[in-house]
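Heads up, the thing below is written out as C-alpha cells.
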Amino acid sequence: FRKEDNHHLANTKIENNSYQPKNQEFQKLLHNNVGNQIRFVGLSEEDIMNLAEIRPIMERNAAQIVDAFYGKLQDMPNLLTIINKHSTIEKLGKTLTQYLLDMVSGRIDENYVIRRKVIGNVHNRIGLFPEWYIGAYTLIQNEMLHVLTRELDTWEEVMKYYISFQRLCSFDMQIGIE
Ligand code: HEM
C-alpha cells in the first residue's frame, strides 16, 4: 500500500529467480553455538540482504538516531553518571554511529558476533545492567521506524525493513547480555 493513498500495489513485485550465492559466513554461524539464537529470532540471509539495501538510509540518518538516543539517555541521572564517569556523549556518538553502520554492512559473521560480545562486556564492566541495555534498544528501534517511514514510499517496505532491523537488534541484545 502506498502510504498516501492506500492504492494496492498489485503485480508490482518483480520475481527474482536469479541464482543467489549463499552467504557462507552467515551459514557458518547457523551451525555454531549461536545458531539456535539466530533461528529463534528468525534472522535470515534475506534479513541481512534487506539491511544491506538500507545502508544509504542509515548513512543519511545515523546522526538523527544517535542524537535521539543520547538525548533520551541524558534524561536519566543514573545513566548520565555512568556516561560521564567512563566517556563523553561526543565519543559515544561516534561509536554508536559505527555500531549502526555495522548492522547494515551485509556481513554478519563470526567477527560480528565477537564485536557484539566485546560491546556487551564493555557495558557489563561499567555497571550498565541488562534492563537498561535492552531498554536502550527501544530508543534505537523507535527512531529507526521514524526514519524508515520518512524515507520509504510504502508501508510494505517500511514493515519489511523494520522487521529485519528488529531481528538483528534482538540477536545483538542476546549476544550483548549473555
Ligand atoms: C560504549 C553501543 C547502551 C554507555 C559503547 C560502545 C558501543 C556502544 C558500540 C563502544 C564499545 C567499545 O569501546 O568497544 C551501545 C548500544 C547500546 C548501548 C548498541 C544499546 C542499544 C548504552 C547505555 C549506556 C551506555 C544505555 C548508558 C550509560 C556507554 C559507555 C561506554 C559505551 C559509558 C564507554 C565505555 C568505556 O569506554 O569505558 N556503547 N551502547 N551504553 N556505552 Fe554503550
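The values are calculated or read from the model by the stated rules, or taken from the named source; none is laboratory data. Treat the numbers as computed from the prediction; the structure is a model and nothing was measured. Because the Cβ atoms are built from the backbone with ideal geometry, glycine has one as well, and the counts that use them run over all protein chains shown. Just so you know, the surface numbers come from the protein's heavy atoms only, side chains and all, with ligands and any DNA or RNA stripped out. Shrake-Rupley method; radii C 1.70, N 1.55, O 1.52, S 1.80 Å.
Taking the stated definitions as given, is residue 18 within 22 Å of residue 161 (Cβ to Cβ) and modelled with pLDDT under 95?
Details: within 22 Å of residue 161 (Cβ to Cβ): yes; modelled with pLDDT under 95: yes.
Considered against the rule, which asks whether it is within 22 Å of residue 161 (Cβ to Cβ) and modelled with pLDDT under 95, residue 18 comes out as yes.
Look at segment 133-161 and say how many of its residues are outside any helix (DSSP H, G or I) and not hydroxyl-bearing (Ser, Thr, Tyr). Can you show your working first?
Residues of segment 133-161 that are outside any helix (DSSP H, G or I), as a first pass: 152-154.
Within this subset, residues satisfying the condition of being not hydroxyl-bearing (Ser, Thr, Tyr) are 152-153.
The qualifying residues number 2.
Give the residue, chosen from 75, 67, that is open to solvent by 60 Å² or more (accessible area, probe 1.4 Å) and within 13 Å of residue 92 (Cβ to Cβ). Don't jump to the end; show me each part of the working.
Values: 75 fails: within 13 Å of residue 92 (Cβ to Cβ).
So the residue among 75, 67 that is open to solvent by 60 Å² or more (accessible area, probe 1.4 Å) and within 13 Å of residue 92 (Cβ to Cβ) is 67.
Could you please find all residues in segment 29-43 being among the polar types (S, T, N, Q) and either in contact with a Gly (Cβ under 6 Å, 6 or more places away or on another chain) or without any contact (Cβ under 8 Å) to a residue 60 or more places away in the chain (or both)?
Filtering segment 29-43 down to residues among the polar types (S, T, N, Q) leaves 32-33, 36-37.
Selection gives 33, 36.
Going through segment 135-169 one residue at a time, which ones are of a type in the set (Gly, Ala, Ser) and surrounded by fewer than 17 Cβ atoms within 10 Å (Cβ to Cβ)? Write out each step before concluding.
Taking segment 135-169 first, the residues of a type in the set (Gly, Ala, Ser) are 135-136, 164.
Scanning segment 135-169 gives a single hit, 135.
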